[in-house]
Amino acid sequence: MIASAGLRPIPETVSSSSRTTRFALTLAAVLTLSGCMTVGPDYQQPQTAVPANWSATGEVEAPDATVLAEWWRQYQDPVLDGLVADALAANLDLATARAQLREARARRTLAGAALGPSLTASGSASRSRTSSESSSGTTSDLFSADFDASWEPDIFGGLKRGAEAAEGDLGASAESLRDTRVSLVAEVVLNYVELRTGERRLAVAEASVAARGETFDLTRWRRQAGLVSDLDAAQARTELESARANLPALRTAVTEAQNRLAVLLGRSPGELASRLTEADIPQTVVSMAVGIPADTLRQRPDVRAAERRPAAQTARLGEAEAARYPSFSLSGSLGLSALSLDALGSTGSVTRSLLAGISAPIFDSGRIAANIEIQDALLEQARLAYQGAVLTALEDVENALVAVANSGERRTQLIQATASAREALQIAEHRYASGLTDFLNVLDSQRTLLSLEDQLASSTGELASAQIQLYKAVGGGWSPTDSAQDTRTAS
C-alpha cells in the first residue's frame, strides 16, 4: 500500500502575493532537502591482488603505446593492413557495439532528464449547440490554452542513483566497444596467419607430390629396365598417392580461412579470393615489452568494462533502497479560458493552480525488501565477475608469454632438422641412383623431409599466432584516438 497526500489548489480568497510567497518557501525547502540526502552505498572500486611481475619473463619495460595501438603493422604486410582497415570499417559486431554505445548514451540522457522538471503546453477549441422545441437553439464556443509544469524533487537520491547507474552502464558499453575492436583485430590477423599457414602447407604438400611423382617415374623406368623389383615401383606409387591424399584437406582449410576473413570484413564468403594472393606467413620480432601486470589491467578493455559494472550496480542498489522513503511531487498550471477568441487574453480568462504531493510506502508484502536483496546479490556477482576478469587477463598474458618462447624455440629446432633431412634425402637419392642402397631408404628420407617441412610451416604459423595472442592479451589494438572516432561514429 502506498499512502499519498496532496494539497488542493489554493483558494481564491488567499491573495496572489501570499500564495506566491508560500509556494516559494515550499520550493526553497524542497530544493534544500533534495541536495542533502542520497541513500545507498557509494561505489568503492574492488580490490584485487596483482603480482608485481610476470612469472614467465623478467621483462618489466612498458610497451610503446603507439606500437601497441597498431601492433599488426609490425608485420609490414600491406595486404594485412588493408584487411584490418576494412574490418574496422565494416565488421558487423563492431557496428553492433557502436549501436549499443549509442543506446547507453541515450539511456544516460533519459536517466538524467528525470532529475529536472517538465513543461507541457496544450490548447483546445470547442463549439457546442443546444436546441429546444420553442427555439432554434443556441451555440456556444470555448477556447483554452494551458501550460503545465511538474517536478519530482529527488529528496532521497533515488533518481540520482539511477543517473549514476546509467553513467556506469555507459562506461561499460564504451569499454565493450574497445574490447570488440581488440578482439576483431586479433581475429582478422589470426585468420590471416591461418590462411598463409595453410597456403604454405599446401605448397609443401604439392612440392612433395611433384617430387614423389618424379621418384615414381624413375622407379618405373628402372623396373622396365629390370634394375629394380615390382615392389619398389608399388612402394613409390603408394607414397605418391598418399601425398596426393593430403591436398584436398589443405585446400579446404585455405578456403575456410578466406571465407572467415570475408565475413569478418562484412562481406559474403568468396569475395576476397582474388584479393588474397599468396604471401609468406607474417613474422615479426619474437620478444616484446609487456610491462607489469598492473599495466595490462589498465590497458585491457574487458577488465575496464568489468570494473564499470559494479559501479553501475552499486548505484542500482541505492536506487532500490530509495524506494523505502517517501517521494514528493510539485506541479502547477497556468491557463487561459474564454468563450471567445478575442477574450482569451483578458485578465478574467486566467486560471492557475499549484499542487504539492507526497507518497510513502506503508505495506507492500516485502516487494521493496526483495528488490533490494536482488540488487545486492547482483552487486556481489558484478564484483566477482570483475575479479574473474582480472585473473583471466593475467592468465592470458602468462600463457601467451610461454607460448611465444616455446614456439620460437621449437621453430628454430625444426629449421635445423629440416635442413638435415633435406641433405639426407639428397644423399639417399644419389646412393639409390648409383645402386648403393635400396629404395626403402629413399622413401624413408622423403617421408621424414615432408613431415619436417609440414611441421616447420605449422610451427611458423603457431609462432605468429602466439605473438598475436600476446598482443591481444596485453590489450593491444585500441587507443584513445580510435575510441574517440568510434564514439563519433556511434553518435
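The values are calculated or read from the model by the stated rules, or taken from the named source; none is laboratory data. Everything quoted here is computed from the prediction, not taken from an experiment. All Cβ positions, even for glycine, are placed from backbone atoms using ideal geometry, and neighbour counts span all protein chains on display. Accessible surface areas use protein heavy atoms only, side chains included; no ligands, DNA or RNA. Shrake-Rupley method; radii C 1.70, N 1.55, O 1.52, S 1.80 Å.
Name the residue that is farthest from GLU380 (Cα to Cα), counting only residues in segment 40-49 that are modelled with pLDDT under 85 and surrounded by fewer than 15 Cβ atoms within 10 Å (Cβ to Cβ).
The selected residue is ALA49.
Can you find even one residue in segment 263-283 that is open to solvent by less than 20 Å² (accessible area, probe 1.4 Å) and within 30 Å of LEU391 (Cβ to Cβ)?
yes
For segment 429-438: of the residues being surrounded by fewer than 21 Cβ atoms within 10 Å (Cβ to Cβ) and part of a helix (DSSP H, G or I), which is modelled with the lowest pLDDT? Lay out the reasoning, then the answer.
As a first pass, look at segment 429-438 and keep what is surrounded by fewer than 21 Cβ atoms within 10 Å (Cβ to Cβ): 429-431, 433-438.
After this cut, where a residue has to be part of a helix (DSSP H, G or I) as well, the list is 429-431, 433.
Details: GLU429: 84, HIS430: 88, ARG431: 87, ALA433: 78.
Among them, the one singled out is ALA433.
Could you tell me whether ALA424 is surrounded by 20 or more Cβ atoms within 10 Å (Cβ to Cβ) and either free of Cβ contacts under 8 Å to residues at least 60 places away in the same chain or among the small types (Gly, Ala, Ser) (or both)?
Working: surrounded by 20 or more Cβ atoms within 10 Å (Cβ to Cβ): no; either free of Cβ contacts under 8 Å to residues at least 60 places away in the same chain or among the small types (Gly, Ala, Ser) (or both): yes.
No: the conditions fail for ALA424.
Is it the case that segment 325-333 has a residue that's open to solvent by 70 Å² or more (accessible area, probe 1.4 Å) and modelled with pLDDT under 85?
Of all residues in segment 325-333, those open to solvent by 70 Å² or more (accessible area, probe 1.4 Å) come to 325.
This time we only want the ones that are modelled with pLDDT under 85, so: none.
Scanning segment 325-333, I find no residue that is open to solvent by 70 Å² or more (accessible area, probe 1.4 Å) and modelled with pLDDT under 85, so the answer is no.
So that you can scan it fast, the table gives a plain yes or no per residue for (1) open to solvent by 50 Å² or more (accessible area, probe 1.4 Å); (2) modelled with pLDDT under 75; (3) small (Gly, Ala, Ser):
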| residue | (1), (2), (3) |
| --- | --- |
| SER17 | yes, yes, yes |
| LEU25 | yes, yes, no |
| PRO51 | yes, no, no |
| SER118 | yes, no, yes |
| GLY123 | yes, no, yes |
| SER126 | yes, no, yes |
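Report whether or not ALA289 is touching a Pro at 6+ places or on another chain (Cβ under 7 Å), free of Cβ contacts under 8 Å to residues at least 12 places away in the same chain and open to solvent by less than 70 Å² (accessible area, probe 1.4 Å). Explain how you work it out, then say what you get.
Values: touching a Pro at 6+ places or on another chain (Cβ under 7 Å): yes; free of Cβ contacts under 8 Å to residues at least 12 places away in the same chain: no; open to solvent by less than 70 Å² (accessible area, probe 1.4 Å): yes.
For ALA289, the condition - touching a Pro at 6+ places or on another chain (Cβ under 7 Å), free of Cβ contacts under 8 Å to residues at least 12 places away in the same chain and open to solvent by less than 70 Å² (accessible area, probe 1.4 Å) - is not met.
In segment 46-86, how many are under 23 Å from the mean Cα position of the chain (by Cα), under 18 Å from VAL474 (Cβ atoms) and among the charged types (D, E, K, R)?
Within segment 46-86, residues that are under 23 Å from the mean Cα position of the chain (by Cα), under 18 Å from VAL474 (Cβ atoms) and among the charged types (D, E, K, R) number 2.
Against the conditions (1) out of contact with any Pro (no Cβ under 7 Å at 6 or more places or on another chain); (2) at positive phi, where does GLY475 fall short? Just the number, please.
(1)
Is it the case that segment 241-248 has a residue that's more than 28 Å from the chain's Cα centre (by Cα), without any contact (Cβ under 8 Å) to a residue 24 or more places away in the chain, assigned to a helix (DSSP H, G or I) and within 20 Å of ALA421 (Cβ to Cβ)? Steps first, answer last, please.
Filtering segment 241-248 for residues more than 28 Å from the chain's Cα centre (by Cα) gives 241-248.
Now narrow it down to the ones that are without any contact (Cβ under 8 Å) to a residue 24 or more places away in the chain: 241-242, 245, 248.
From what is left, the residues that are assigned to a helix (DSSP H, G or I) are 241-242, 245, 248.
In the following step, the residues that additionally are within 20 Å of ALA421 (Cβ to Cβ) were identified as 242.
Yes, segment 241-248 contains a residue that is more than 28 Å from the chain's Cα centre (by Cα), without any contact (Cβ under 8 Å) to a residue 24 or more places away in the chain, assigned to a helix (DSSP H, G or I) and within 20 Å of ALA421 (Cβ to Cβ).
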